[in-house]
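The values are calculated or read from the model by the stated rules, or taken from the named source; none is laboratory data. Quick caveat: nothing in here was measured; it's all calculated off a predicted structure. Note that each Cβ is placed from the backbone with ideal geometry, even for glycine, and that neighbours are counted across all protein chains shown. Areas reflect the complete protein model, heavy atoms only, side chains present, ligands, DNA and RNA absent. Shrake-Rupley method; radii C 1.70, N 1.55, O 1.52, S 1.80 Å.
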Amino acid sequence: MSEIAATQPQTKRWTMSEAARDRLINFVSPIALLLLWEVLARVHLIDTRFFPAPSSILQTLVAMLETGELQRHTLTSMRRLAIGMVVGGVPALVIGVTMGLNSVLRAAVDPLISATYPIPKSSILPLALLVFGLGESSKIFMVAIGVFYPIAMNAMTGVREINKIYLDVGHNFKASRWNVFRTIALPGAMPMIMTGVKLGVGMGLVLIAISEMVGAKSGLGYLVWNAWETFSVDQMYVGLFVIALIGFVLTLILNEIEKFVVPWKR
Amino acid sequence: MSTTLVTKTADTTATPPAADAKAVLPPAIRIQNISKVFGDFVAVDNVTLDIAAGEFFMIVGPSGCGKTTLLRILAGLEKPSSGSYSITTTPGSQRPENSMVFQGDSLFPWMTVWENAAYGLKMRQAPAAHIKEVVGHYLDRTGLTRFAKSYPHQLSGGMRQRVSIARAFANDPEILLMDEPFSALDAQNKLLLQEELLRIWEEHKKTVLFITHSVDEAVILGDRIMISTAQPGRVKTMVKVPFGRPRNVMELQREPAFGNLVHEIWTSLREEVDRARAQIEMAGK
Ligand SMILES: Nc1ncnc2c1ncn2[C@@H]1O[C@H](COP(=O)(O)OP(=O)(O)OP(=O)(O)O)[C@@H](O)[C@H]1O
Ligand SMILES: [Mg+2]
C-alpha cells in the first residue's frame, strides 16, 4: 500500500494525458517534416526545381502578400466558395429534408439524384462553361453542385433515420407540417446534415480550385495554374498552401458550428 | 362486421337538463366494436368499452395483445380497421383531445427538459406567459426544475419518464393516454413515480387510460381494470378497484384486501399469459 502511494506522484510527473500527447504529436510531426524537407533541399538531395525549400516558398509568400496579389486571389476564391455554398447548400437542405419527410417527392427526385451523383463533378466543368460562360457564375455553379449532393443526400438519410416515435409525438401534439419540419426533421437530421456540410465544403474547395484553372483570371486555382505555365514553382506551392490552409480553417470553423447547432450530442 | 366512421363528438347537446345531469354524464371515452387487423393478423378484436369522465382506467394484458395498438388508435396515430370511438370534449374549450405518454423513450434528444415539457403548448401557440407558468408548475411537481436546461441524455431513466409525464400533463388534454410509462424503471423509482403521478392526477382528476404489465401497478393506480385476452386482444374481465382516494401507495400495499385483489387479477391474467406463451411457442415451430 505505502509503496504504491509513494510511487504514484513520480509516475504522474512523467506521463501526460493521452489527449495532450496526441496534440503534441499533431503539432510536432508537420514541423519535423518541414525541417526534413528544408534540409534535403539545402543539401540538394531533392530536386529544388520541383521541391523548393520551405524557406524560399515562405519568401515568395511574403513577397506576394506585400504586393497584395495573394490576398486578392484568396478573397476571390473565398467569395466564390461562400456564394456557391449558399446557392447549393440552402436548396440542398430544403430538398433533402423534404424528401426525407415526403415519400412522393422522394420517389420523384431520388432517381435523378442517384443517377447523376456518380458523375465526377469536375467533368461537368465544360458544360458549366458552355452554359454560364467564363464569368463568375460558372465557378459558383461548380461549387454549388459540389455542395448540393452531400448535403441533400445526408439530409434525406438523416430525416429518414429519425426514430419514428418522434414523428408520432409531433403528430400527437398536433405539430403543423411546418413545425414537424422545424422542430423534428431538421434538428433530428442535423448531425447527418453537418457531416454533409463538411463533405460538401471539401468538395466545393476542390471544385473551385479546378474551375479557376480553366478560363479564369483570378483565384487560387488560377494562381496555381498560372504558376505552372510560367514555371514559378514557388508560387505554385504558395497557392497550394493557402488552399490547404483554407480547408483546415474551414474544418475548424465547421467543428465549432457543429457544437453550436448540435449541442445535444454527447 | 360493418365499418363505421370514426366519430368525434363535442358532446353536450345530448346531455339532458341539470336535474339528472349527473346520472347521464356522457362517458369521456366511448369505444365501440373496435378491431384492428395488420394484414391477416388480428391485433385488437372487437373491443367495446366506456370510460367515465375522471376515471383512472387500467388495461393489463400479456405482451403483444394489442394494448399499444388500442391506445394509438385513440391517439389518432392509427386508424381502426372497423368500429368507432368518441372522446367527449369540453364545449368551447381550446384543450386538446388527448396527450400520450409513449412506451419507451420519446423525448426529443435535441430539446432541453423545458423545451420538451413545453412542446404541446408551443405547438398550439399558447401565450408565452401561460407556457411559462404551466411548464414551471409541472417541472416543479416532478422535481425537475433544476434540470430545466439539461438535455435528455444527461438525465436518468426515471427523470426522463418524469419529463414525458410533465409534457403530457402540461398540454392539459381532455384525456391522458399512458403506455407503460414506468415499465423500464427499477422498483424504487417506480414507486416514487407512481406516488408522484397520483399526486399530480389528484389536482385535476383527468380521465386516464393507463396500460401496464404490472398487476400491482394496476391496483395501486386504477379505479377500474380491464384484463385483456392474449392475441387477439379482447376484453376478458373488468375489475373494480374498491380503494378510496387519495391513496397512500405504501399503506395500500400492506392491506390484505390489496393482496387478495392482486391475486384474483393474477389468476385471471395468468391463463392469458400462458396462452400467449403457448402461441409464441407454436409460432416458433
Ligand atoms: N404496424 C404494425 N404492423 C404489423 N403488426 C403490428 C403493427 N403494430 C403492431 N403489430 C402487431 O400487433 C400486435 C400487438 O401489438 P401491440 O404493440 O399493440 O402490443 P402490446 O399489447 O402493446 O404489447 P407490449 O405489452 O409488449 O407492449 C403485436 O403482435 C405486433 O407485432
Ligand atoms: Mg405496448
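Percent of accessible area on the stretch B:214-285 owned by carbon and sulfur, 1.4 Å probe? Of the solvent-accessible surface of the stretch B:214-285, carbon and sulfur hold 56 percent.
Taking a Cβ cut-off of under 15 Å around residue B:170, the surrounding Lys, Arg, Asp and Glu residues balance to a net charge of +2, with basic ones at +1 and acidic ones at -1. Annotated for chain B: lysine pairs at least 8 residues apart or interchain, Cα distance under 15 Å, count 7. Shown here is the pair-distance distribution of the protein assembly as shown: with all Cα-Cα distances grouped in 20 Å bins from zero up to the longest one, the shares run 16, 36, 26, 17, 5, 0 percent. Phi angles across the stretch B:87-92 convert, under the Karplus curve 6.51 cos²θ - 1.76 cosθ + 1.60 with θ = phi - 60°, into 3J(HN,Hα) values of 10, 7, 10, 5, x, x Hz, Gly and Pro given as x. Global size of chain B: 19.3, 62 Å for Rg and Dmax (C-alpha atoms, Rg to one decimal, Dmax whole). Counting only residues at least eight positions apart within a chain, or on another chain, the lysines with an alpha carbon under 16 Å from that of residue A:198 are A:259.
Taking a ≥ b ≥ c as the square roots of the Cα gyration tensor eigenvalues, the stretch A:1-157 comes out oblate, since a/c reaches at least 1.5 and a/b does not exceed b/c. Bridging of residue A:217 to aspartates and glutamates at a Cα separation below 17 Å is possible for A:69, A:136, A:229, once same-chain residues fewer than 8 apart are set aside.
For the stretch A:171-204, a decrease in accessible area of 50 Å² or greater in the assembled protein chains relative to the isolated chain, with a 1.4 Å probe, applies to A:172, A:173, A:183. Residue A:137 contributes an accessible area of around 60 Å² to the protein surface, as traced by a 1.4 Å probe with all chains present. Near the amide H of residue B:53, within less than 5 Å, lie the amide hydrogens of B:28, all on another chain or at least 5 residues away, with H placed in the peptide plane. Rounded, prolate or oblate for the stretch B:69-217? Axes are the square roots of the Cα gyration tensor eigenvalues, ordered a ≥ b ≥ c, and the cut-off for rounded is a/c under 1.5. Because a/c hits 1.5 or more and a/b fails to exceed b/c, the stretch B:69-217 counts as oblate. Per the accessible-area calculation with a 1.4 Å probe, the total area buried between chain A and chain B rounds to 2000 Å². Of all complete DSSP H helices in chain B, those with a Cα span along the helix axis of 24 Å or greater and a mean Kyte-Doolittle hydropathy of -1.0 or more are B:187-204, B:256-284.
When the P(r) of chain A is calculated, the portion above 31 Å amounts to 46% of the C-alpha pairs. For residue B:233, the residues whose modelled amide H falls within less than 5 Å of its own, excluding neighbours fewer than 5 places apart on the same chain, are B:44, B:45. Note on the stretch B:159-244: Cα-Cα pairs beyond 15 Å make up 61% of the total pair count. Computed from phi, the 3J(HN,Hα) profile of the stretch A:60-74 under the Karplus parametrisation 6.51, -1.76, 1.60 (θ = phi - 60°) reads 4, 4, 4, 4, 5, 5, 5, 6, x, 5, 5, 4, 4, 5, 4 Hz, with x in place of Gly and Pro.
Could you please state, rounded to a whole Å, how far the C-alpha centre of the stretch B:30-57 is from the C-alpha centre of the stretch B:170-192? Spelled out, the Cα-based centre of one part sits 21 Å from the other. When chain A is treated as a Gaussian network with alpha carbon springs shorter than 10 Å, the biggest mean-square fluctuation among A:138, A:77, A:17 belongs to A:17. For the stretch A:103-241, the fraction of 1.4 Å probe accessible surface lying on carbon and sulfur atoms is 70 percent.
In this Cβ point-charge picture (+1 for Lys and Arg, -1 for Asp and Glu), the stretch A:132-266 has a dipole of about 760 debye about its Cα centre. GNM, chain A, Cα, under 10 Å: largest mean-square fluctuation among A:222, A:237, A:117? Judging by the Gaussian network model, the answer is A:117.
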